[in-house]
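Each reported figure results from applying straightforward, stated rules to the coordinates on display, with no laboratory input. All values reported here derive from a predicted model rather than from experimental measurement. Cβ atoms come from the backbone with ideal geometry, glycine included; neighbour counts cover every protein chain shown.
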Amino acid sequence: MSEGISHSYSDAQILYVSLTTGEIRKETIPDDLYRNYLGGRGLGVKILYDRLPPSIDPLSPDNLLIFSVGPSTATSVPTAGRFTVVTKSPQTGTVFDSHCGGYFGAQLRRAGYAAIVFEGKSQRPVYLWIHDDLVELRDASEVWGHDTAKATDMLLDLTDSKAQVSCIGPAGENLVRMAAIINDKHRAAGRGGVGAVMGSKHLKAVVVRGTKTVAVADKERLSEVVTRSRRLIKKNAVTNKSLPVYGTAVLVNIINEYGMLPTHNFQEGTFNDAEGVSGEKLLERLSVRTYNCFGCPIGCGRISRVHGKEVGGPEYETIWSFGPECGINDLEWITEANHQCNLLGLDTISVGSTIGCAMELTERGNLDSSLRFGDTTGLIKVIEDIAYRRGLGSDLADGSRRLAEKYGAPELAMHVKGLEIPAYDPRGAQGHALGYATSNRGGCHLRSYLIGPEILANPVLLDRDKTTGKADLVILYQNLSAAMDSMVVCRFTNFAWTPDMYAELLSAGTGLDITGKEFLEIGERIYNLERLFNNREGFTTEDDKLPARFSQPLPEGNSRNRVSHSDELLPEYYRLRGWDENGRPTKATLDRLNLCT
Amino acid sequence: MDLTVEKLAKMIDHTVLKADTKRSKVKEICGEAKTYGFYAVCLNSVHIAYAAELLADSDVKICSVVGFPLGSMTSTSKAFEAKEAVTNGAHEIDMVMNVGALRDGNTDFVRSDIEAVVAASGDAHVKVILETGLLIDEQKVEACLICKEAGAHFVKTSTGFGPMGATPHDVRLMRETVGSSMGVKAAGGISTFKDAWRVIEAGADRIGASAGVAIVEDFRWAQYSDSWMEPDKPCWTCPSRKASMAKQPKEVYLWYKQRCVTCEHRDDNVFYD
């Protein structure tokens with residue numbers, strides 16, 4: 001990287017907000033922090049690692065909750081309107097970053113901020129109101145208790161109709177470990193229980209109105225690179241056809257065809273009624289229009305009409321979690337359940353998967369409940385009970401791992417590190433399986449989306465059954481994701497762009513003169529720091545494992561007779577990472593990455 | 001293989017041959033050819049004059065298909081189309097061989113058909129599309145030899161509209177047959193840099209693809225991992241896997257499938273890989 005950088009992001013500020021004392025202070029981003037971690041996920045993880053003592057209760061005032069954006073946010077870089085929430089997760093106990101689209105991120109950056117770090121806990125419900133340089137904590141007693149849509153409307157009335165609201169619903173208020181933060185009523189920082197951390201701090205919402213212009217280092221060069229980057233998005237079949245036409249739900253039929261659509265709590269990989277809940281069916285029956293996040297030329301978001309009202313979504317993962325995972329083939333009901341989760345502020349992946357787990361617990365006699373695969377009766381009420389921690393809902397609210405442990409069958413929870421595994425059966429794609437096992441935030445499909453090369457032939461088709469070379473690619477994708485999340489841009493750009501394109505966009509926008517290799521090295525540094533955080537919290541190689549179910553062959557479908565070989569790949573993965581046999585980064589690795597701990 | 005992004009681009013004929021091609025698309029791919037340094041643009045003959053206008057100040061060559069995609073029109077009409085394309089600015093002609101005549105064993109007609117186009121094309125290089133998916137290996141070899149005798153400069157695998165498309169097997173066979181004095185162009189279904197890599201390794205020195213931009217841009221991934229180039233299951237690139245009863249003559253289809261029965265990789269032909 002060059003010396004003497006000149007970049008607009010360097011004058012963005014980090015807001016430190018003490019919810020305990022009400023003190024608010026502003027600091028500029030230290031130069032080395034920016035160079036080594038960019039923003040977004042990297043910035044948040046670095047702050048968290050440096051400031052959080054080990055072993056604190058994630059729902060205690062000791063935890064930090066960090067909202068952050070990146071050096072590309074609110075510029076002309078495509079998809080650069082997202083924001084990141086970083087905290088210690090109450091669901092996994094790991095470091096956690098959760099991401100959200102919409103328009104909030106762009107306004108936060110336009111207000112002049114790179115991040116907000118919430119410390120402590122307020123005595124009463126509050127929200128943070130930011131209008132450019134004005135930053136104040138305001139009483140939220142009137143808003144507390146309301147769902148996310150009502151709360152959003154109330155907060156816009158109280159502030160500015162052009163502002164953006166990120167808020168929690170009843171689930172966050174009631175410390176549900178699967179609680180999300182909702183922006184624009186249906187965009188979610190969904191995973192890991194970040195909404196519960198917000199609720200534990202009595203923080204109902206962050207409302208922001210940013211009106212400043214975001215400058216870039218080289219406007220002309222950025223314009224040229226952006227033009228090329230947009231052309232690549234338009235030339236790519238996934239980003240120009242599949243996602244804009246069907247949304248992420250395009251994956252239902254594809255993944256089902258490969259026998260990897262987890263069905264009945266991952267007992268099978270093929271759902272007989274997949275066509276009925278597919279992206280194609282969603283387009284024919286419910287879709288009203290697409291939804292584009294800030295600066296996004298793809299437009300994967302959906303607005304659907306169900307039961308007379310327009311609602312957001314549903315996304316592929318949600319269709320899966322409330323559909324095949326629970327044996328349900330009613331697309332209208334799935335869409336309604338998704339809407340319910342948005343209102344209550346719940347992560348649809350974990351909620352659906354936990355209900356699926358409860359259905360199997362019931363089926364096997366471990367749990368006495370009315371939950372049955374394929375039966376939607378009373379399920380909307382169950383989702384509400386989760387958000388309010390009522391009855392069985394209180395058990396479900398802690399996620400599938402704790403639920404299955406409580407009812408004596410921990411092997412029935414399909415999770416890694418406590419986070420429910422999403423909508424791709426790992427037995428059908430060996431690289432993707434290793435990605436699940438080694439994800440720093442638990443069962444996550446986005447850390448290393450090897451579904452791209454292993455299923456979608458993007459950028460090339462690789463043998464999904466093969467293990468050779470997969471550890472190397474998992475690391476490549478994990479590093480790239482960490483860097484993208486810190487830049488901050490949408491993961492879907494990855495279908496069309498190589499690391500070189502991200503580096504070019506970043507260089508033109510910020511003046512940091514970096515190559516694709518250096519961009520990946522930033523991602524590697526972030527990934528290793530996250531690993532250090534988790535090691536410090538007591539996570540070991542034992543936590544880099546998939547549930548035992550994935551060592552049993554799938555019984556049917558186009559992935560039948562396959563098992564996951566992620567355990568066999570771990571030693572190679574650790575070696576290539578520069579970690580010891582216990583999964584800890586070696587001193588040489590830390591030195592190479594300038595990670596002085 | 002010592003291949004760079006720039007070298008790869010110089011092997012690509014950036015192609016658009018669809019019936020619904022608008023002038024804006026022609027303009028787009030001509031612009032991309034200049035930006036990426038592709039060897040040529042490959043177009044239907046109706047677009048050649050416009051492309052010549054767009055590429056007047058560049059070193060990007062212009063290639064026109066002729067008798068496309070069936071190759072079953074008269075030699076006179078093929079020659080006329082080729083001559084007009086060259087007059088309008090084409091530097092290369094990609095003609096479709098008369099596949100039916102070859103299957104009839106009418107090699108004289110096949111040869112004269114090609115000779116007519118070669119003569120009408122003047123200094124322009126002529127590539128002959130064999131449409132390999134409609135032929136068995138013996139016929140591909142025969143066709144290559146006829147092309148060589150008829151004075152063509154390249155043999156080319158496929159139109160992209162017929163069965164199977166380009167396979168490394170066919171490219172290798174064609175290269176072995178024509179030797180180093182002729183070019184071999186692989187076209188049809190080449191959509192990723194790994195597809196391109198495979199046919200180059202098999203002996204192709206030109207690639208026809210509508211996905212030229214993706215092939216070149218995505219090739220940048222290669223510098224970040226060797227794993228992309230891990231060998232695939234043998235069946236993936238084998239023409240026998242791609243054979244289709246619906247698209248091929250029955251005896252051609254059965255010829256391909258018969259190869260599976262005695263193939264050393266038969267055990268790799270697993271269920272839904």
Approximate spin-label separation residue B:23-residue B:4, in nm, with each point projected 7 Å along Cα-to-Cβ | 3.8
Taking a 27 Å limit on the Cα-Cα distance, which of the listed pairs A:162/A:309; A:235/B:185; A:88/A:309 fall beyond it?
-> A:88/A:309
What Cys residues in chain B are without a partner cysteine, judged by a Cβ distance under 4.7 Å?
-> B:30, B:144, B:147, B:235, B:238, B:260, B:263
Set B:22/B:242; A:121/A:150; A:234/A:466; B:127/B:242, cut-off 28 Å on Cα-Cα distance; pairs above it are B:22/B:242; A:234/A:466
Rg and Dmax [Cα atoms of the protein assembly as shown; Å; Rg one decimal, Dmax integer] | 29.1, 95
Any chance you could check the Cα centroid distance between region B:172-202 and region A:437-514 for me, in angstrom?
-> 30
Using 1/(1 + (r/R0)^6) with R0 = 41 angstrom and r between the beta carbons of residue A:32 and residue B:176, what's the FRET efficiency to the nearest 0.05?
-> 0.10
Residue separation times 0.36 nm, minus the C-alpha to C-alpha distance between residue B:161 and residue B:52: what's the value?
-> 36.7 nm
Please label the shape of chain B as rounded, prolate or oblate, based on the square roots a ≥ b ≥ c of the eigenvalues of the alpha-carbon gyration tensor (a/c under 1.5 means rounded; beyond that, a/b larger than b/c means prolate, else oblate).
-> oblate
Mean Cα-pair separation over length for chain A, i.e. relative contact order, pairs under 8 Å, 6 or more apart, % = 16
Pull up all non-local amide H partners of residue A:554: gap of 5 or more, or a different chain, and H-to-H distance under 5 Å with H placed in the peptide plane.
-> A:561, A:562
Check cross-link reach from residue A:26 to the aspartates and glutamates: straight Cα distance under 13 Å, and skip same-chain residues fewer than eight apart.
-> A:11, A:132, A:133, A:136
Tell me which aspartates and glutamates have Cα within less than 14 Å of residue B:148's Cα, excluding those fewer than 8 residues away on the same chain?
-> B:108, B:113, B:115, B:176
Relative contact order %, region A:228-328, counting alpha carbon pairs below 8 Å whose residues are six or more apart = 30
Grab the other residues whose beta carbon is less than 11 angstrom from that of residue A:213, score K and R as +1, D and E as -1, and report the net.
-> +3
Cα gyration tensor, region A:116-265 - rounded (a/c under 1.5), prolate or oblate = oblate
Relative contact order for region A:426-592 using alpha-carbon pairs under 8 Å, separation at least 6, rounded to a whole percent?
-> 26
